[in-house]
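Report on the structure given below.
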Amino acid sequence: MNAWRDTAVRLVLLVASLALWEAAVRALRVPAFILPPPSEIGAALYRGALTGIYVRNLWITLAETLLGFSLGSVVAFVLGTALAASRRTEYFLYPYIVMFQSMPKVALAPLIVVWFGLGLTSKVVSAALIAFFPLLVNTIVGLRSADEERIDLMRSLAASELQIFRMLRLPSALPFIMAGLEVAMVFSLVGAIVAEFVGAEAGLGMLIQSRNYSMDVAGEFAILFILAVMGLVLNTILVSIRRRVLFWDASQKAASTGASLRGGP
Amino acid sequence: MAGIADVIAVKDLRKEYQTPRGSVVALEDVGFTVREGEFVAIVGPSGCGKSTLLKILAGLLPATRGEVRLRDVAITGPRRDIGVVFQSPVLFPWRTVLDNVLLPVDVQRLERNGSTSRALDLLALVGLRGFEHRYPWELSGGMQQRVAITRALVHNPAMLLMDEPFGALDAMTRDALNLELQRIWLERRETIVFITHSIPEAVFLADRVFVMTPRPGHIAEEVAVPIARPRSLDLAAAPEFADIVRRIRAHFRSTSGVDA
């Protein structure tokens, strides 16, 4: 079967590239504190798995990410709806939003840690702040994307503004909102990690930094690997939700393979 | 003369648009009546104001002067007893065919149970029985427009407004749907105002054709079509049909944009 063969080719490619990495690092005698071979990273993963240190910190970073994602998304959706509903609100608020958006939010992380402390709160706030903008913009654009003729149809049926919102504008905005949520999920993980870098008592970002100080580069790579898997799993969950919710969307039917790749903030 | 059997009475209608370069008169002194169960067509070139007229009839646009009365009540805004079919089907892709048909029922918070069997009967009438749980994007353009017609009929409107409903379809599908619309009308005797830029289509379908000339939009002539129904597509070759078409076309000698 073709699918089986493709999967086999994928696996072979993965194993081959890992073997090449291992061989190159050993042949060129690259010091382990610059680039460790995959075998050492694997060993570091195994050791950490035994002590439970990864799992403990993973839950913390995951909680920060998901809480920040939820907070940022809810605020972005509510504010985006308010801005889309009223040109006046948009007129007064949008300049601040654009200004705030063009600022690199990670630069705020030190301030956020000063304001909200070393615990969970500062990480959630940082994650929420970064996750906020992509969804805000997409919510506004999405809610305004409803087709004029469809609005005319709803009006001709004497529908109320609330009905037009619920039955037409919101479903029309869903493709935009789902795309915004996917970006927001990736961004909130970034926000949580950055805040952990600045100051934290726990979490995978904190762990990366403490390993960096002790020159445990293989250990750092092990955590990077865990973070990559975590990001992938979160994205996969959102993609499968999107497929279920947006079964009717044309762009959905055209491109339904693989997770989308997007840059960080 | 607004008789008791008149469903629609349009009187002295004028519509002016304000543009940056001054005001434009889209409709001037438009007046007509439509009787209960009558099929009326309004034919004219693009830009003659017929879509503006339809929007005023649908309550989507206010008139600058004059009034439209539906069953002797002035139309001042959208009403629940009007069904509209637009040029494109305007279906919601996230709703099944049945749910699309039931949209007016949902908007007007009518009872869904009774309406569902009505919707299914109507779908059977337009030949879409068995497609009720499909999605619009699984249907052809002609089938989608049939769904739109069904949706416009589901809440039992006092009149049906159709704005070039078959204008975006290919000629063969258009012929088929004209026949189908005639069949539906013969069976249900809805009051229909049908807007088109095709003279043969107007003559084929209507009891009376209002000829609309542009700049400003005005009804130049009212032409009765005393041809017995059911009419067949072969009618296009009949002399009495050709005479009426020619008489209407005479209004547009100098203007373009009308299919003859």
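Remark: the Cα gyration tensor places chain A in the oblate category, a/c being 1.5 or greater and a/b not exceeding b/c. Peptide A:169-177 has a mean shielding of 1, counted as Cβ atoms of other protein chains within 10 Å of each residue's Cβ. Using C-alpha pairs under 8 Å with a sequence gap of at least 6, the mean separation divided by the residue count of chain B gives a relative contact order of 26 percent. Relative protection proxy for B:144-152, B:78-86, A:56-64, B:169-177, from highest mean packing down: B:144-152, B:78-86, A:56-64, B:169-177 (other beta-carbon atoms within 10 angstrom). The Cβ shell under 10 Å around A:LEU118 holds other residues with a net charge of -1, Lys and Arg each +1, Asp and Glu each -1. Between the Cα long axis of helix A:217-245 and the first principal axis of chain A there is an angle of about 30°, rounded to the nearest 10. This ranking places A:MET99, A:MET230, B:MET143 by how few other beta-carbon atoms lie within 10 Å of each, fewest first, which gives A:MET99, A:MET230, B:MET143. Under the criterion of Cα pairs below 8 Å and six or more residues apart, the relative contact order for chain A equals 25 percent. From least to most packed, judged by other beta carbons within 10 angstrom and beginning with the fewest, B:ASP234, B:ASP121, B:ASP6, B:ASP163 follow the order B:ASP234, B:ASP121, B:ASP6, B:ASP163. The mean number of Cβ atoms from other chains found within 10 Å of a Cβ in peptide B:48-61 is 1, as a whole number. Near B:SER88: Cβ cut-off under 15 Å, other residues only, Lys/Arg at +1 and Asp/Glu at -1. The net charge is -3. As a calculated quantity, the FRET efficiency between B:ARG65 and A:ASN212 at R0 = 56 Å, using C-beta atoms, amounts to about 0.10.
Summarising the amide proton neighbourhood of B:ARG134: residues at separation of 5 or more, or on other chains, whose placed amide H is nearer than 5 Å comprise B:VAL97, B:LEU98. Build a GNM of chain B with springs between Cα atoms under 10 Å apart, and of B:ALA158, B:ALA228, B:ALA58 the one that fluctuates most is B:ALA228. Note down the relative contact order for segment B:94-156 as a percent, whole number, built from C-alpha pairs under 8 angstrom at least six residues apart. Across segment B:94-156, relative contact order equals 51 percent. Rounded to the nearest Hz, the phi-derived 3J(HN,Hα) couplings of segment A:161-177 under the Karplus curve 6.51 cos²θ - 1.76 cosθ + 1.60 (θ = phi - 60°) are 4, 5, 5, 4, 4, 6, 8, 10, 5, 5, x, 5, 7, 4, x, 5, 5, where x marks glycine and proline.
Ordering A:LEU67, A:ALA146, A:PHE100 by Cα displacement along the dipole of segment A:38-248 toward the positive end leaves A:ALA146 in first place; charges were set at the Cβ atoms of Lys, Arg (+1) and Asp, Glu (-1). Counting beta carbons within 10 Å around each of A:TRP21, B:TRP94, B:TRP185, A:TRP115 and listing the fewest first gives the order A:TRP115, A:TRP21, B:TRP94, B:TRP185.
Dividing the summed helix terms, -39500 (n - 2.57) for each DSSP H run of n ≥ 4, by the number of residues in chain B produces a 222 nm estimate of -9000 deg cm²/dmol to the nearest 500.
For B:THR64, the amide hydrogen comes within under 5 Å of the amide hydrogens of B:ARG14, B:LYS15, B:GLU16, counting only partners 5 or more places away or on other chains and with H modelled in the peptide plane. Inter-chain neighbour count for A:146-153: the average number of beta-carbon atoms from partner chains within 10 Å of each residue's beta-carbon is 5.
We did not get these values from a lab; they are worked out from the coordinates using the rules stated. Because the structure is predicted, anything quoted here is derived from the model rather than measured. Cβ atoms come from the backbone with ideal geometry, glycine included; neighbour counts cover every protein chain shown.
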